[in-house]
Each structure stands twice: as C-alpha cells, then as structure tokens.
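Chemist: The structure that follows is given in the form of structure tokens.
FYI, it's all coordinate maths here, none of it is from the lab. Since this is a predicted model, take the numbers as computed values, not measurements. Cβ placement follows ideal geometry from the backbone for every residue including glycine, while neighbour counts extend to all protein chains displayed.
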Amino acid sequence: MKHIICLTLLIAAGLQAAAAQNYPTRSIRLVVPFPPGGNIDITARAIAPGLGETLGQTVVIDNRGGAGGLIGMEIVTKSTPDGHTLALASSGTVTVAPSLYTKMPYDPVKDLTAVALLSYVPIVLVVHPSLPAKSVKDFIALAKTRAGKMTMASGGNGTTNQLAGELFQLETGTKFIHVPYKGAAPAVVDVMGGQVDMLFDQLSASSNHIRSGKLRAVVVAGEKRNPVIPDVPTLTESGLKNCDAGTFTALMGPAGVPRDVISKLNAAINKTLAMQSTRDRFTSVGADVLGGTPARLDANLKQELAMWTRVAKAANIKLD
C-alpha cells in the first residue's frame, strides 16, 4: 500500500511539473474586480501587453465589478488553480474589506496565492485652496482648534479614503466629521467647491486637480516625494510615518496554483514591470512600481490586514 501511495504521489508531482513546464497553454484571464477606467483597471491594462509578450500568450482582461470588488475576487478563488485565471488584487479587496466586513466570501490569505506586488498609489490629503493651512503642522493645529467641526469627504463607508482619514485622526489626535459619498469622484467635486473641507484621495485621481490649483495638497504618503507633486512633503518627513497609507495592487491566483507556475508568473511580471513602457504608464498617474517575490506580497498583505483591522476597531467601523 505504501508503494502505491508513493507511486501516486510521484505521478502527481510529475504531472504538476510537466504542467508548469508547458505553462501557459492558452490565453490568461486577468479578472479586474472593478469596472473599466479606475485605478485597478488602469493597472491591469498597464501590465497586460508586457505580461502577454513575456509569457507568449494573450492576456485577456475580464472586468467583473460589483460589491466593492468582492464578486470578481470570489470568481478567481473558485477558478481552476492552474495559473490561467488570475486576479488584479488591491488593498480594497484583500486588506480593507476583510478588516470591515463581518462576512467575507473568501479569505485573502487562505483562498488566494501571491504572485507579486505591482504598484503603489499613495494617498494624498487634499483641501480647498481657501483653507488657511498650508503645511501639515498648520493643518493639524487648525483641526484641533476646530475639533469635531471640520468635514472629511470619502468615496463611501469603508473605502480606503475613509480608512486613511481615520488612521490620520488616530495618529494625530484630530477629529473630523465623516461625509460619505457614492464614489470618490463626487467627493472630489464637493471639496473643489468648498462644500467639504478635505479628502484623503488616491494621488492618481487628484493629481490633475492639484496641478490646476483647484485643490491644494497638504501632505502625501510614500517613502519619498512623488514626482507628480514634488513640492508636497511626505507624511514620513513630516514626522507622521505611522499614518502612511495608499493603494497597492498585486497579481494573485486561487489557492493551489503549482509553485513552478507561480515562479514562472513571478519572473514574467517582474520582467514586465522592468519594461520602460510599463514604468512610464505607472509614473504618469503617480504610481510607484513595486515587483518582488511572492513572499514580499504575503508580508505586505499581513501587515496591511493588521493595520486596517486596528483602524477599523478603533473607529468602530463594521459592515455587513
């Protein structure tokens, strides 16, 4: 019996190795769990050409929006784990949502396999130009004199906009009135119109308004100043490194994808991210190119899950 079991395991290992060696055997389906046009979709379209070229197969982008990205991600977790169906994961779907929802259709750690980090778009604190605070130090001082009176827009309850703002309040001892909108776009409009004081927004969405003078950037997340807004200091250099927040994107597959396939995918995505054409597309929207090993993505995932869980608990945010 032991010989039969060993033989079965050897055959299975041999088949798995052969599958990895031949991978990919057909086009790759890249599920984007949001509608076309947003930051996650932009990321997918930035990597698809290079990834397809490197792997020798077409990468087909499949936009499956709904339920804040949970529907598309669930589709991937239930797909055949052979590397031909992948997810364009992000902070919202694998770290923010699990920190907030009492019921999740998937476990980001158990039901998904890490391939590689792709990009990072920092959060930027933007205000109406008339607000009398031009530095983050002045902003915090003003917020404390107007305790509980300043208004903070967001793209909705439980969004990265809101959680980044909650993290800022937690670390600086400030208190804002949360004004949720049905999406970040109308929130930006009302900050530009002066109806709301501030928004913690993705730089890719606010950069044009900052450059045009319709919004003023107070501070931006990230390890170093962003070339899109080089005059704006970072949270770290302002002494607020524990407030750092942004949106990362990552390539992930369902649980159970063979290690050899993951290794091949990881090498292909790192090669794609090193292409100048790919880097230029990310730079144009203020995104940092990341890359690296699956282990780096796993570590980032666990770190952000812990951070957002702490913030959600402190702010008493729970979603059904």
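Chemist: Among rounded, prolate and oblate, which fits region 205-291 when a ≥ b ≥ c are the square roots of the eigenvalues of its C-alpha gyration tensor, a/c under 1.5 means rounded, and a/b larger than b/c means prolate?
Modeler: Working: a/c = 2.86, a/b = 1.97, b/c = 1.45.
Prolate, since a/c reaches 1.5 and a/b exceeds b/c.
Chemist: Under a 10 Å cutoff between Cα atoms, tell me which one of GLY183, GLY286, GLY165 has the largest fluctuation in the Gaussian network model of the chain.
Modeler: Judging by the Gaussian network model, the answer is GLY183.
Chemist: So what is the diffusion coefficient of the chain in µm² per second by Stokes-Einstein at 4 °C and 1.567 mPa s, using a Kirkwood Rh over Cα pairs?
Modeler: Numbers: Rh = 20.6 Å.
Result for D is 63 µm²/s.
Chemist: Express in whole angstrom the spacing between the alpha-carbon centres of region 272-289 and region 227-245.
Modeler: Between the Cα centres of region 272-289 and region 227-245 lies a distance of 21 Å.
Chemist: Using modelled backbone amide H atoms (1.01 Å from N, in-plane), which distant-in-sequence or interchain residues come within less than 5 Å of LEU319's amide H?
Modeler: Correct list: TYR101, THR102.
Chemist: Using only Cα atoms, find the angle between the long axis of helix 203-212 and the longest principal axis of the chain, and express it within 0 to 90 degrees, rounded to the nearest 10.
Modeler: 40
Chemist: Would you mind telling me the antiparallel percentage of the DSSP bridges in region 122-243, rounded to 5? Walk me through the numbers before you get to the answer.
Modeler: Numbers: 9 of 16 bridges.
The antiparallel proportion sits near 55 percent.
Chemist: While we're here: Using only Cα atoms, figure out Rg for region 122-243 and give it as a multiple of 2.2 N^0.38 Å. Kindly include the intermediate steps, with their values, before the conclusion.
Modeler: Working: Rg = 12.7 Å, N = 122, 2.2 N^0.38 = 13.7 Å.
Normalised by 2.2 N^0.38 Å, the Cα Rg of region 122-243 equals 0.93.
Chemist: For labels at THR58 and ALA314 in the simple 7 Å Cα→Cβ model, what's the distance in nm?
Modeler: 4.9
Chemist: Looking at the chain as a GNM with Cα springs under 10 Å, which of ARG281, ARG216, ARG146 has the largest mean-square fluctuation?
Modeler: In the Gaussian network model the winner is ARG146.
Chemist: Also: Does a label point 7 Å from the Cα of ASP107, set along Cα-to-beta-carbon, have any residues of region 264-306 with amide nitrogen under 16 Å, and which are they?
Modeler: Correct set: 302, 305-306.
Chemist: Related question: For the chain, what relative contact order do you get, as a whole percent, if you take Cα pairs closer than 8 Å and at least 6 residues apart?
Modeler: Numbers: 617 pairs, mean separation 84.2, N = 320.
Relative contact order here is 26 percent.
Chemist: Using a 10 Å cut-off around each Cβ, can you sort ARG26, ARG64 from fewest to most neighbouring Cβ atoms? Spell out each step's value before the answer.
Modeler: Working: ARG26 10, ARG64 17.
So the residues, fewest neighbours to most, are ARG26, ARG64.
Chemist: Just MET198, MET252, MET150 to compare: in a GNM of the chain, with alpha carbon springs under 10 Å, which one fluctuates most?
Modeler: Of MET198, MET252, MET150, the most mobile in the Gaussian network model is MET150.
Chemist: If R0 is 45 Å, what FRET efficiency do you get for ALA185 and THR25 from their C-beta distance, rounded to 0.05? Numbers along the way, then the final one.
Modeler: On the way: r = 41 Å, r/R0 = 0.91.
The pair ALA185/THR25 has a calculated efficiency of 0.65.
Chemist: Let me ask something else. Quick one: Cα centre-to-centre distance for region 202-223 and region 65-111, in angstrom?
Modeler: Region 202-223 and region 65-111 have Cα centres spaced 29 Å from each other.
Chemist: Compute the angle between helix 160-172 and the longest alpha-carbon principal axis of the chain, please, reported from 0 to 90 degrees and rounded to the nearest 10.
Modeler: Orientation of helix 160-172: about 60 degrees from the principal axis.
Chemist: Something else about it: Calculate how steeply helix 259-274 sits against the longest principal axis of the alpha-carbon atoms of the chain, using the helix alpha-carbon long axis, and give the answer as 0 to 90 degrees to the nearest 10.
Modeler: It is inclined by approximately 50 degrees.
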